[in-house]
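Colleague: Dropping a structure here in structure tokens format, bear with me for questions.
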Amino acid sequence: MAINLYKTSTPSTRNGTVDSQVKSNPRNNLIYGQHHCGKGRNARGIITAGHRGGGHKRLYRKIDFRRNEKDIYGRIVTIWKGWIIS
């Protein structure tokens, strides 16, 4: 069981430790955040359309409907309440 110690580079990382064998939540594998590269920006990242920008940070659910395969039943991984994850 290894414990990782953080170097003090900021006050928030002072005396910080993490157990490296902690398993992540399996729910986190089914949620992803989209990369906001659009929003009215050009290749240099400068806003060119004045009315496009901002927006709330959102998380999206990964849903695989297997639409390209026939006669295959889906497997229920988890059941969540609510539709909006923020």
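The values are calculated or read from the model by the stated rules, or taken from the named source; none is laboratory data. Given the structure is predicted, the values throughout are model-derived calculations rather than measurements. FYI the Cβ positions are ideal-geometry reconstructions off the backbone, even for glycines, and counts take in every protein chain you see.
Colleague: Show the residue pairs meeting these rules: Cβ distance below 6 Å; 6+ apart or different chains; first residue within segment 42-70 and among the acidic types (D, E); second residue modelled with pLDDT of 80 or more and surrounded by fewer than 10 Cβ atoms within 10 Å (Cβ to Cβ).
Modeller: none
Colleague: Among residues belonging to segment 46-86 that are within 22 Å of the chain's Cα centre (by Cα) and small (G, A, S), point out the one that is modelled with the lowest pLDDT.
Modeller: So the residue we want is S86.
Colleague: Can I ask one more? Exactly one of these conditions fails for C37: (1) at pLDDT 70 or above; (2) hydrophobic (A, V, I, L, M, F, W, C); (3) under 18 Å from the mean Cα position of the chain (by Cα). Give me its number.
Modeller: Only one criterion in (1) at pLDDT 70 or above; (2) hydrophobic (A, V, I, L, M, F, W, C); (3) under 18 Å from the mean Cα position of the chain (by Cα) is unmet by C37, namely (1).
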